[in-house]
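Coordinate-derived values only; no laboratory data. All of these numbers come straight from a predicted model, not from anything done at the bench.
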Amino acid sequence: METNSVAFFQSQNTPELPVKPIVAAWKVKNPQNVGSLMRLVDNLGCEELILLDDENDKREASIKKTAGLSYKNVQLRYQSADDFFQQIPEEYSVFAIETSEGATNVFQTELPQRIVFLLGSEMRGLPEELILKCSRVVFIPMTGKCKSMNISHALAVCLFEWQRQQLFAGE
């Protein structure tokens, strides 16, 4: 049996999302992670990934290799955290994906249609001053021995749970 994901998804009757999430990540250092994040936001039709960082040194070739075709579909924008929080559209709620005090289980949290997902750096997560600027903080429950997840995997879980709630919750 031959598989072809492009042909498969063209044959599906998946509704389009009326609103796309905004995705931002703070001080991501690994260029492969940046490429993976770009690919994920492209999976949902988003056109931009925002990196909250004052450094624009991410080894473009590594990002491009990991992002694949998504590199052309998704704009990578660098911005300071202060500018980012000032420019969030008023109707959007910022949800940090983080294991911190007060976080709620993402699978038991109603995620709003207009959402910003904010991720932290690979090693340190999000600093408290950024968490305090968020509407909510969600975590991903982990029942195994390993209690950490790659930043792109965490985004994948949360993005697709958000998509499930937006498009398929009544099914």
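Results, tabulated for the structure shown:
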| item | result |
| --- | --- |
| Percent of beta bridges antiparallel (DSSP, the chain, rounded to nearest 5) | 5 |
| Sequence-distant residues sharing a close amide H with ILE22 (under 5 Å, placed H) | ILE115, VAL116, PHE117 |
| For segment 20-120: Kirkwood Rh in Å [reciprocal of mean 1/r, alpha carbons] | 14.2 |
| Alpha carbon centroid spacing (whole Å) that separates segment 59-123 from segment 1-36 | 14 |
| Integer Hz, Karplus 6.51/-1.76/1.60 couplings in order for segment 131-140, x for Gly and Pro | 4, 5, 7, 8, 5, 8, 10, 10, 10, 9 |
| Directionally averaged shadow of the chain, computed from the convex hull of its alpha-carbon atoms, nm² | 11.7 |
| Unsatisfied cross-links (Cα-Cα over 31 Å) in the set LYS27/LYS72; LYS65/LYS133; LYS72/LYS147 | LYS65/LYS133; LYS72/LYS147 |
| Under 5 Å, built H, 5+ apart or other chain: amide partners of LEU126 | GLY120, SER121 |
